[in-house]
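Working notes, beginning with the structure itself.
The values are calculated or read from the model by the stated rules, or taken from the named source; none is laboratory data. None of the values given here were measured: they were computed from a predicted structure. All Cβ positions, even for glycine, are placed from backbone atoms using ideal geometry, and neighbour counts span all protein chains on display. When the accessible area is computed, the model is the full protein with side chains, heavy atoms only, and any ligands, DNA or RNA have been set aside. Shrake-Rupley method; radii C 1.70, N 1.55, O 1.52, S 1.80 Å.
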Amino acid sequence: MKTSWRTASLVATAASVLALTTACGQDNGTTPASAAQNVGATAPAGSPTGGAGVGTGTGNGYGADGNQSSSSPSPAAPAGKLTVAKNADLGNVLTDGSGLTLYRFDKDTANPPKTNCDGDCATTWPPVPANDATAGAGIDKALLGEVTRADGSKQLTIGGWPAYRYAKDAKAGDVNGQGVGGNWFALAPNGKKASLASLPGLSVRKDPKLGDIVVDKNGMTVYRFLKDKAWPKSVSNCTGACLKKWPAVGIVKPEDTKGVKKKGLMGFTRPDGVQQMTVNCWPIYTFSGDKAPGDTNGQGVGGTWYAVSPDGKPVGAPGN
């Protein structure tokens, strides 16, 4: 990316923000470029929390609860005919013959294929057997292979990546393993991590429980804090430790949004110098406890945090 283009883009964005903030009663001011936040950026897991909600731990690190050391792996079910399933948040996802999502592990390698998930890990993430796997529609059979595990068994590989199931996926279509530990991801049919090609800076996703909610460019749920204010000007009351748990969504140009109400869609400069986006003049945030697109772990936290509807209302909040 050329420096001149980037500079011009930043200048144009800043001008747009200054012009729009007036509608929510904001003062025209400038902010150092270093204060800007990436859209949907999340604080590191384990960040200190304020009074605005506490995230949950990751148990034994494999994504399952309890002590796995006393468990014995069940006989691995055959892979069968692999298929491609459509997921609203992840796009095309690879599934086995029963429709269960297949995953890959970042600590494995594809070239050469090597698995680093054994013992307790393999109990939580059962390796997919290679012996009977066949390619269904939309899957290149040349990408199917196998790797020999430490116990001598043959595990299916896709594009070189060893394939696994997740013990907490109970039925076809479940993707509970997506993003677990920051190392586990649903497989795309080509062996890469499943993901939508691209999303606007802000867009709308239909959640099965909450209905239409706003998400950032990474597909992460966007939230509102009931203690904030929108009128006569946008005010965030999430500061310090709270802001580490609930990162402010950075500035998004109105033309880089889809399905979100345009009125009151603007940015403002916080007292701490961070530029934050609003929907209908309400400050918006992501939640560090959400690890993957589609997560809504921040919904209702503390009775003050709620997902945002396309018109800026807090979904499911009392009185809404």
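Under the condition of being β-branched (Val, Ile, Thr) and either assigned to a loop (DSSP other than H, G, I, E, B) or closer than 20 Å to ASN218 by Cα (or both), which residue from region 293-320 is most open to solvent (accessible area, probe 1.4 Å)? Give the steps one after another, and end with the answer.
Quick first cut of region 293-320, residues β-branched (Val, Ile, Thr) only: 296, 301, 304, 308, 315.
Applying the additional criterion that residues be either assigned to a loop (DSSP other than H, G, I, E, B) or closer than 20 Å to ASN218 by Cα (or both) yields 296, 304, 308, 315.
Values: THR296: 41, THR304: 24, VAL308: 0, VAL315: 25 Å².
Here the residue is THR296.
Starting from region 300-320, keep only residues that are under 16 Å from THR257 (Cβ atoms), then list their pairs with residues that are charged (D, E, K, R) whose Cβ atoms are within a distance under 6 Å, requiring at least 6 positions of separation or different chains.
Listed pairs, sorted by first residue: VAL308/ARG224; PRO310/ASP212; PRO310/LYS261; ASP311/LYS261.
Being more than 17 Å from LEU100 (Cβ to Cβ) and either open to solvent by 30 Å² or more (accessible area, probe 1.4 Å) or in contact (Cβ under 8 Å) with a residue 60 or more places away in the chain (or both) is the filter here, so list the residues in region 146-160 that pass it.
Hits for region 146-160 are GLU146, THR148, ALA150, ASP151, GLY152, SER153, LYS154, GLY159.
Out of GLY97, GLY145, I need the residue that is part of a loop (DSSP other than H, G, I, E, B) and either at pLDDT 95 or above or not acidic (Asp, Glu) (or both). Which one?
On the way: GLY145 fails: part of a loop (DSSP other than H, G, I, E, B).
That would be GLY97, the only listed residue that is part of a loop (DSSP other than H, G, I, E, B) and either at pLDDT 95 or above or not acidic (Asp, Glu) (or both).
List pairs: first residue in region 74-93 and open to solvent by less than 30 Å² (accessible area, probe 1.4 Å), second residue of a type in the set (Phe, Trp, Tyr) anywhere in the structure, Cβ distance under 9 angstrom, at least six positions apart or on different chains.
Partner pairs satisfying both residue conditions: LEU90/PHE185.
Provide a single number: the residues in region 172-222 that are β-branched (Val, Ile, Thr) and open to solvent by less than 10 Å² (accessible area, probe 1.4 Å).
Total meeting the criteria: 5.
So, in region 117-142, exactly how many residues are assigned to a loop (DSSP other than H, G, I, E, B), free of Cβ contacts under 8 Å to residues at least 60 places away in the same chain and under 18 Å from ALA76 (Cβ atoms)?
9
Count, please, the residues in region 227-243 that happen to be of a type in the set (A, V, I, L, M, F, W, C) and part of a loop (DSSP other than H, G, I, E, B).
3
Can you pull out every residue in region 273-292 that is crowded, with 22+ Cβ neighbours inside 10 Å, of a type in the set (Val, Ile, Thr) and not in a strand (DSSP E or B)?
Within region 273-292, ILE284, THR286 meet the criteria.
Sort out which residues of region 254-271 are open to solvent by 70 Å² or more (accessible area, probe 1.4 Å) and either of a type in the set (Gly, Ala, Ser) or assigned to a loop (DSSP other than H, G, I, E, B) (or both), and write them in order of number.
Once the filter is applied, which keeps residues that are open to solvent by 70 Å² or more (accessible area, probe 1.4 Å) and either of a type in the set (Gly, Ala, Ser) or assigned to a loop (DSSP other than H, G, I, E, B) (or both), region 254-271 yields LYS258, LYS261, LYS262, LYS263, PRO271.
Could you list, in sequence order, all residues of region 98-110 that are closer than 15 Å to GLN155 by Cα and either β-branched (Val, Ile, Thr) or open to solvent by 50 Å² or more (accessible area, probe 1.4 Å) (or both)?
Within region 98-110, just THR109 meets the criteria.
Every residue, every condition in (1) touching a Ser or Thr at 6+ places or on another chain (Cβ under 6 Å); (2) modelled with pLDDT of 95 or more, yes or no:
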position	(1), (2)
TRP231	no, no
TRP246	no, yes
SER288	yes, no
PRO293	no, no
GLY298	no, yes
VAL308	no, yes
GLY316	no, yes
